[in-house]
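Written out below as structure tokens is the structure these notes cover.
The values are calculated or read from the model by the stated rules, or taken from the named source; none is laboratory data. Because the structure is predicted, anything quoted here is derived from the model rather than measured. Every residue, glycine among them, receives a Cβ derived from its backbone with ideal geometry; neighbour counts consider all protein chains shown.
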Amino acid sequence: MKTVTAYYAAALLRFAQQAGFDMTVNQSHNQRVLLVDQDRAWGALADALGPSLGVDFGAQLKPTDLGTLGHLLLSLDTLGQALHYVQRYYPLVGEGGEITVSHEGAHTALVYIPHYQVARAVRVEAVLASIASIAAQISEGQTPLVQMSLDYRAEPQVVEKLQRLAGQPVRDGQSCNALIFDRQRLSGALQHANGVVANSMVAILNADLAALSDISARDKVIRLLREQPNLDRAAVAERMHLSQRTLCRQLKQQHTTFAALKQQVLCRLAEDALDSGESVSTVAERLGYSDASAFIKAFKGWRGTTPRRASAEKSA
């Protein structure tokens, strides 16, 4: 399942509490927060605090709210390097979207592509506002931002706030969500550059990124199905913030299919429940079967025998 760094989640929690909104953050594996939990938090906050939530939150973020990546940004030679590393390590901040950086003529574009729908506008505004704000902080106000664009029609007060933050035009209803920079000025030297610290941070980030990638699509599907065995492929893909086609492709690369994994999980859950003394009808209902007969038929397909005979063989 996709996650967000606890640093970013904690910053959102502080912001919510300062706004008088009571909210908790549940950390999952490796001190990260599940993206589905962040979806709920953003949805609740957007309803409570209104359309300016994203820009207000993003504008007050500090580099250290991005964890190790923030410390790296504070030690780099140029803003151009900073954009490069933001693109490379952004999955460590949050797996709900991706960042690309491209160069065309006199400009460099940082494009943010969100993969969520819950509170989409305020979250996009939070990402762009935070990057613009942090770029200004590490360059001591000399950020060469020339334009911000949004791929939707934003609320007028939001556009106004973003323009004050960026000091440049904000164009909504465009083809992408982006920050456009003067390419030449991105090579200007930053005053607090520290090569030793930067190299150390890169090593840590590389290890963290490798660890984040170790959780395969197969393992994520199994984990979701064990928690909610009634989920179908569409629901699992949605929770993993993937299209069904992408999920199927990733599972194929790991020599399996969603159907095979679901049968594997259901079989294991059924055996564990039966071994603990649950009745066939109870297990059938919990695993989503229409009746006990349908469950028994499925069990025979898995184990070549009925649940009663399987239990008797284990007891013999």
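Please specify each residue of the range 223-237 satisfying the condition of being within 19 Å of the chain's Cα centre (by Cα), free of Cβ contacts under 8 Å to residues at least 60 places away in the same chain and crowded, with 18+ Cβ neighbours inside 10 Å.
Matches in the range 223-237: Val236, Ala237.
Of the conditions (1) in a helix (DSSP H, G or I); (2) of a type in the set (A, V, I, L, M, F, W, C); (3) under 23 Å from Ala154 (Cα atoms), Leu69 clears all except one; give me its number.
(3)
What is the residue count in the range 49-66 for residues that are assigned to a helix (DSSP H, G or I) and under 22 Å from Asn177 (Cα atoms)?
10
Scan the range 172-183 for residues that are closer than 19 Å to Val101 by Cβ and either free of Cβ contacts under 8 Å to residues at least 60 places away in the same chain or part of a loop (DSSP other than H, G, I, E, B) (or both) and jot them down.
The answer is Gln174, Ser175, Cys176, Arg183.
Against the conditions (1) more than 18 Å from Arg308 (Cβ to Cβ); (2) surrounded by 12 or more Cβ atoms within 10 Å (Cβ to Cβ), where does Ala284 fall short? Just the number, please.
It is condition (1) that Ala284 fails.
Considering only the range 119-152, state which residues are closer than 18 Å to Asp56 by Cα, touching a helix residue (DSSP H, G or I) at 6+ places or on another chain (Cβ under 6 Å) and surrounded by fewer than 21 Cβ atoms within 10 Å (Cβ to Cβ).
Residue satisfying the conditions is Ser133 alone.
Where residues in the range 89-113 are of a type in the set (Asp, Glu) and not in a loop (DSSP other than H, G, I, E, B), which of them is farthest from the chain's Cα centre (by Cα)?
Among those that are of a type in the set (Asp, Glu) and not in a loop (DSSP other than H, G, I, E, B), it is Glu104.
Against the definition (among the small types (Gly, Ala, Ser), under 32 Å from the mean Cα position of the chain (by Cα), exposed (fewer than 14 other Cβ atoms within 10 Å of the Cβ) and part of a helix (DSSP H, G or I)), how does Ala294 come out, yes or no?
no
Residues of the range 285-306 being in contact with a helix residue (DSSP H, G or I) (Cβ under 8 Å, 6 or more places away or on another chain) and under 14 Å from Gln228 (Cα atoms), which ones?
Across the range 285-306, the qualifying residues are Arg286, Leu287, Tyr289.
Out of (1) modelled with pLDDT of 90 or more; (2) under 30 Å from Val118 (Cβ atoms), the odd one out for Phe299 is which?
In the conditions (1) modelled with pLDDT of 90 or more; (2) under 30 Å from Val118 (Cβ atoms), Phe299 misses (2) alone.
Would you mention how many residues in the range 204-222 are assigned to a helix (DSSP H, G or I), surrounded by fewer than 13 Cβ atoms within 10 Å (Cβ to Cβ) and either touching a His at 6+ places or on another chain (Cβ under 8 Å) or at pLDDT below 85 (or both)?
Residues flagged as assigned to a helix (DSSP H, G or I), surrounded by fewer than 13 Cβ atoms within 10 Å (Cβ to Cβ) and either touching a His at 6+ places or on another chain (Cβ under 8 Å) or at pLDDT below 85 (or both) within the range 204-222 amount to 3.
What's the number of the condition Glu160 fails, among (1) of a type in the set (D, E, K, R); (2) in contact (Cβ under 8 Å) with a residue 12 or more places away in the chain; (3) more than 14 Å from Cys176 (Cα to Cα)?
(2)
Listed residues Tyr152, Tyr116; which is outside any strand (DSSP E or B), modelled with pLDDT under 95, within 27 Å of Trp42 (Cα to Cα) and not aliphatic (A, V, I, L, M)?
Tyr116
Which residue out of Leu247, Leu261 is assigned to a helix (DSSP H, G or I), under 15 Å from Asp219 (Cα atoms) and either in contact (Cβ under 8 Å) with a residue 40 or more places away in the chain or touching a Pro at 6+ places or on another chain (Cβ under 7 Å) (or both)?
Of the residues listed, the single one that is assigned to a helix (DSSP H, G or I), under 15 Å from Asp219 (Cα atoms) and either in contact (Cβ under 8 Å) with a residue 40 or more places away in the chain or touching a Pro at 6+ places or on another chain (Cβ under 7 Å) (or both) is Leu261.
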